[in-house]
Every structure is written in C-alpha cells, then in structure tokens.
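Trainee: Just dropping this structure here.
The values are calculated or read from the model by the stated rules, or taken from the named source; none is laboratory data. In this text the structure is predicted, and so the values were computed from the model without any measurement. Here the Cβ positions follow ideal geometry from the backbone for every residue, glycine too, while neighbour counts run over all protein chains shown.
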Amino acid sequence: MTQHNPNGSAKDVVDTLTTDHQEMMALAGQIKGSNDPQWRRDMADTLIAEVMRHAVAEEMYVYPAIEKYIPNGTEEVEHDKQEHDEIVQVMKQLEDCNAVDPVFMAQLEKLEGLLSHHADDEESQQFPKMRTHMSGAQLIELGEKVEQAKTLAPTRPHPSAPHSELFHKSVGAGVGMVDRLRDKLTRRKTK
C-alpha cells in the first residue's frame, strides 16, 4: 500500500526517513521534559525501538541504494554504519539505566546529540543526492521497502550484531520476532 504525503503525492523514502527523524527528536525532547520516571522509562524504550527499526531499515535497503546510485556512496555508508554502532552502544547503556539515575538523562542527551548529528548529515547531504541520482519511482519503492522492514526489525539494541544488509535480511527478522516477544512478555513499551 503506497502512503501519501500531505500534498497528495506518493510518500518516498526521503519523506519517510525525515518524518522518522522528526518523531525521534520530538520524543527525546518529551522524555527530557518529564519528571515521571516510569513514563521516561517507557518512552525511552519506545525511542530505542523506533531508532532500531529505522536503522535496520536503512541498513537493509537505503544503504545498498546509496552504494549503488550515489557517487562515493560506499564511503558515506561506512561512515553511517560507524554512527549506527555508536548510537546502538549508547542505546544499550540507556536501556540498562534506571530512569531515576542521573546517568539515564546523561545517556539520553548523548543519544539525542548522536541522532541529531546523524539526521542532519542524512537530510543535508545524502537525501538531496538520492533525489538527484534516483528516480521518483525508485524513491517511492524504496520508501515502501523501508516501511515493511520496520515492521520486522528488532526493537532492542544488539551491539554485537553486524550492520549489514545480509544479516538483517537473513537473521534480523528472527531477532526482531524474539525482541517483540520479549517486549510483550515484559510489557515493554515499543510504540
């Protein structure tokens, strides 16, 4: 099913990923503004799940497209994967923190900074290149693949997992299924 953006045209991958960035940053800001530790914990888990879904979808479909269509795309993707590694490490530390511990807020702010930097790089550099070097139809199809991948992706950080298309397409769905089962059993908030 093709989604549409507010002006009525089909929503492409750039629209989808940009919306994800905006929602993640807004959620981080809301968490920082709350004094309720349980709500902060629940929303941090939701943020972690959303970042994982987004990152895995990028690694499965967006990064291979960047490598294929964008000049120097391989170098850009390697940089992005390094940033994903750092983000996953911080999310794992945040996941392990009690929301009343001052370390929780410090890790949240660190995560927010990393996400902001990563989003700014993509939105100011990669997304315009994608729109220049890929057709509208390719971008719409890629957006649909990203949306589908997000439904199967892991919801928890796995620092030792490789950031590769092959891993996510072969093992990732199983990891995601286990994560969603654990989330349900522990009543962890992921939406």
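Trainee: Could you grab me the full set of residues in the stretch 97-145 that are among the acidic types (Asp, Glu), surrounded by fewer than 16 Cβ atoms within 10 Å (Cβ to Cβ) and either touching a residue at least 12 places away in the same chain (Cβ under 8 Å) or touching a Ser or Thr at 6+ places or on another chain (Cβ under 9 Å) (or both)?
Mentor: Scanning the stretch 97-145 gives GLU109, ASP121, GLU123.
Trainee: Can you tell me which residue among ASP85, ASP45 is touching a Ser or Thr at 6+ places or on another chain (Cβ under 9 Å), of a type outside the set (Ser, Thr, Tyr), touching a residue at least 12 places away in the same chain (Cβ under 8 Å) and over 16 Å from MET130 (Cβ atoms)?
Mentor: ASP45
Trainee: Of these, VAL56, VAL14, which one is in contact with a Pro (Cβ under 8 Å, 6 or more places away or on another chain), touching a residue at least 60 places away in the same chain (Cβ under 8 Å) and at negative phi?
Mentor: Exactly one of VAL56, VAL14 is in contact with a Pro (Cβ under 8 Å, 6 or more places away or on another chain), touching a residue at least 60 places away in the same chain (Cβ under 8 Å) and at negative phi, namely VAL56.
Trainee: I'm checking my understanding of the structure. Among residues of the stretch 27-73 that are within 15 Å of the chain's Cα centre (by Cα) and among the acidic types (Asp, Glu), which one is farthest from HIS84 (Cα to Cα)?
Mentor: Going through the qualifying residues, I end up with ASP45.
Yes/no matrix, rows are residues, columns are (1) touching a helix residue (DSSP H, G or I) at 6+ places or on another chain (Cβ under 9 Å); (2) at pLDDT below 95:
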| position | (1), (2) |
| --- | --- |
| THR2 | yes, yes |
| ASN5 | yes, yes |
| SER9 | yes, yes |
| VAL13 | yes, no |
| LEU17 | yes, no |
| ASP20 | yes, no |
| MET25 | yes, no |
| SER34 | yes, yes |
| ASP42 | no, yes |
